[in-house]
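Participant: Provided herewith is a single structure, encoded as structure tokens, for subsequent inquiry.
The values are calculated or read from the model by the stated rules, or taken from the named source; none is laboratory data. All values derive from a computational prediction rather than experimental measurement. Cβ coordinates were reconstructed from backbone atoms using ideal geometry, including for glycine residues, and neighbour counts include every protein chain displayed. The protein model used for the area step is the full one, side chains on, heavy atoms only, and it has no ligands, DNA or RNA in it. Shrake-Rupley method; radii C 1.70, N 1.55, O 1.52, S 1.80 Å.
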Amino acid sequence: MLPRKLPRQLPAGRTTVRAAIAFPVIGPPIAPAFVTVESGRVLEISTAQSTVNYADLGDVALLPALVNAHTHLEFSDLPAPIAAGRGGFASWIRAVVAERQTRWSTVGAAERDAELAKVRRQGLEESIEVGVAFVGEIATTLDPVPATAGTGGLNFLELLGLDPQRQPSLVERARQHLAQGKVDSWHPGLSPHAPYTIDPELLSRLCALATQFDAPVAMHVAESREELELLRSHSGSLVDTMRSLDAWFPGRLPRGIEPGDYLRILSNAPRALVIHGSFLGPDDWTFLAAQPQMHVVFCPRTHAGFHPGRYPLLELLQAGVRVAVGTDSRASTPNLSMLDELRSIARSHGDVSPREILELGTIRAAAALGASDRYGGIGPGRVASFAAVQLPDESWTDGDALLEELFHSTRPASLIFQLQE
Ligand SMILES: [Zn+2]
């Protein structure tokens, strides 16, 4: 069967879409499914056929639009991930900085901003292609995310500042970003980069600022063993990398500080995303489970690219930690497909059920981004935005078997949405 071209945008006005099966996520699978939408919102989902403006998508599984809880769109034009080489994570960081320097050192500020906007838009267009509508974006610029129909999310400003001289201007920049408020469909947030670039004192100030503006905070924490070594003993390859970048200020980091100490500071923010959290321990999981405002974001293919060991996904879930999934950027993963990330989980974590895997890229990712009332599920009042995946035929009625099949196939997802009037 040749793949059919599905519509991208649904017509304005009340419209009903029929699909062979739908996974509302917030309820059991429905087959066949009739989803009525109006003014960019879902009115109803049922098995009862409607006759008004009826659009039959045919042999398609309809999922809620996928939610990408973590990416950096500024790398969206990279044709392939930046190689870590034998030096692992520390040499990857060095390569990423070198890539940025070579790219931007010869252009003026205006040209750089225009180019960055183009690359970020390219990332959003790719997201739409693969069924993603809502994104946790981390950017280095104060410029707004380029408005792209069908997409929205959180626009976190990345902050790096172990150098004490830079800190006052950094806090001012963070304040400016939050003071802009919501721009188009993007809410502002702060992203203090990581424990090896942000000291505890500065993190406390940034969390206080986030509280003042009721904004979320996203931070890479316990991403690598090299990070743990740096914190524990001020040694190792990541220290060498930071030193080579003139960015190592050991006086700012109390020796022996733990990722858990950072989690405690982050818990003061109105909402906190702990990006990766790959090397947190059981005590940290217990702490996170007791903090309803904190979420861990797992980036499956990025994790697999750096670390031979398995990500403690089952352990986090069993401990009661709120987990979401993100792609991370094209600097560490081959594309921005959330479905490919979920498929990677299905391959490596046979102990997590397909329904739970789907939640990680929909309702739980939406919860991490503070949007679970609008995104992550198909139901009345929610945004009329769906990820559609073509099926080999129409005969599927068993949702669990189909999800299993879908996660072990390579058929792509694409976004279908109705604009809000
Ligand atoms: Zn990241």
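Participant: With the checklist (1) out of contact with any strand residue (DSSP E or B) (no Cβ under 7 Å at 6 or more places or on another chain); (2) in contact (Cβ under 8 Å) with a residue 12 or more places away in the chain in hand, flag the one item GLN318 doesn't pass.
Facilitator: (2)
Participant: If I ask for residues that are without any contact (Cβ under 8 Å) to a residue 40 or more places away in the chain and outside any helix (DSSP H, G or I), which ones from the range 231-242 would you list?
Facilitator: Hits for the range 231-242 are HIS234, SER235.
Participant: For the range 49-61, does any single residue satisfy the condition of being within 29 Å of ALA368 (Cβ to Cβ), open to solvent by 20 Å² or more (accessible area, probe 1.4 Å) and in contact with a Phe, Trp or Tyr (Cβ under 8 Å, 6 or more places away or on another chain)?
Facilitator: Within the range 49-61, none of the residues are within 29 Å of ALA368 (Cβ to Cβ), open to solvent by 20 Å² or more (accessible area, probe 1.4 Å) and in contact with a Phe, Trp or Tyr (Cβ under 8 Å, 6 or more places away or on another chain).
Participant: Same structure again: Got a sec? Which of HIS303, HIS295 is within 16 Å of the ligand (Cβ to nearest atom) and free of Cβ contacts under 8 Å to residues at least 40 places away in the same chain?
Facilitator: Within the list HIS303, HIS295, the selection yields HIS303.
Participant: Show the residue pairs that are 6+ apart or on different chains and have beta-carbon atoms under 8 Å apart, the first residue being within the range 357-371 and within 13 Å of GLU341 (Cα to Cα), the second being part of a helix (DSSP H, G or I) and open to solvent by 10 Å² or more (accessible area, probe 1.4 Å).
Facilitator: Short answer, once both residue conditions are applied: ILE357/ALA346.
Participant: Hey, among the residues in the range 140-161 that are touching a Phe, Trp or Tyr at 6+ places or on another chain (Cβ under 8 Å) and crowded, with 21+ Cβ neighbours inside 10 Å, which one's farthest from LEU245 (Cα to Cα)?
Facilitator: Going through the qualifying residues, I end up with GLY150.
Participant: Still on this structure, I have one more. Return the only residue of LEU245, LEU253, LEU228 being in contact (Cβ under 8 Å) with a residue 40 or more places away in the chain, farther than 22 Å from PRO164 by Cβ and either open to solvent by 10 Å² or more (accessible area, probe 1.4 Å) or away from the ligand (no atom under 16 Å from the Cβ) (or both).
Facilitator: LEU228
Participant: Return the total of residues in the range 305-332 being at pLDDT below 95 and under 18 Å from ALA90 (Cα atoms).
Facilitator: Within the range 305-332, residues that are at pLDDT below 95 and under 18 Å from ALA90 (Cα atoms) number 7.
Participant: For the range 212-221, does any single residue satisfy the condition of being within 21 Å of SER191 (Cα to Cα) and in a helix (DSSP H, G or I)?
Facilitator: yes
Participant: Out of the residues in the range 262-313 that are small (Gly, Ala, Ser) and in a loop (DSSP other than H, G, I, E, B), state the one that is nearest to GLN212 (Cα to Cα).
Facilitator: ALA269
Participant: Kindly indicate which of SER91, SER105 is among the hydroxyl-bearing types (Ser, Thr, Tyr), buried (at least 17 other Cβ atoms within 10 Å of the Cβ) and more than 19 Å from the chain's Cα centre (by Cα).
Facilitator: Unique residue meeting the criteria: SER91.
Participant: What about ARG271, is it of a type in the set (D, E, K, R) and within 16 Å of the ligand (Cβ to nearest atom)?
Facilitator: When the stated conditions are applied, ARG271 does not pass them.
Participant: Okay, moving on. Mind telling me which of the residues SER348, SER344 ends up being more than 16 Å from the ligand (Cβ to nearest atom), open to solvent by less than 20 Å² (accessible area, probe 1.4 Å) and not charged (D, E, K, R)?
Facilitator: When all the criteria are applied, what remains is SER344.
Participant: Let me spell it out: the conditions are (1) within 30 Å of THR151 (Cα to Cα); (2) not in a helix (DSSP H, G or I); (3) not polar (S, T, N, Q), and ILE198 meets all of them except one. Which number is the exception?
Facilitator: Of the numbered conditions (1) within 30 Å of THR151 (Cα to Cα); (2) not in a helix (DSSP H, G or I); (3) not polar (S, T, N, Q), the odd one out for ILE198 is (1).
Residue by residue, here is whether (1) open to solvent by less than 40 Å² (accessible area, probe 1.4 Å); (2) among the aromatic types (Phe, Trp, Tyr); (3) within 19 Å of VAL130 (Cβ to Cβ) holds:
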site	(1), (2), (3)
ILE378	yes, no, yes
VAL383	yes, no, yes
GLN390	yes, no, yes
PHE407	yes, yes, yes
THR410	no, no, yes
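Participant: Ok, one more. Condition (residue is within 16 Å of the ligand (Cβ to nearest atom) and open to solvent by 40 Å² or more (accessible area, probe 1.4 Å)) applied to the range 351-358: is it met by at least one residue?
Facilitator: no
Participant: Looking at the range 20-48 only, could you name the residues that are in a strand (DSSP E or B), open to solvent by less than 30 Å² (accessible area, probe 1.4 Å) and farther than 14 Å from ALA384 by Cα?
Facilitator: ILE21, ALA33, SER46
Participant: Also, I was wondering about something else. Just the residues that are away from the ligand (no atom under 11 Å from the Cβ) and either among the hydroxyl-bearing types (Ser, Thr, Tyr) or farther than 14 Å from PRO292 by Cα (or both), please, taken from the range 317-329.
Facilitator: Listed by number, the residues that qualify are GLN318, VAL325.
Participant: Within the set of pairs 6 or more residues apart or between chains, which connect a residue that is in the same structural domain as LEU160 (by TED's automatic domain parsing) inside the range 97-117 to a residue that is open to solvent by 50 Å² or more (accessible area, probe 1.4 Å) and among the aliphatic types (A, V, I, L, M) with Cβ atoms less than 7 Å apart?
Facilitator: VAL97/LEU245
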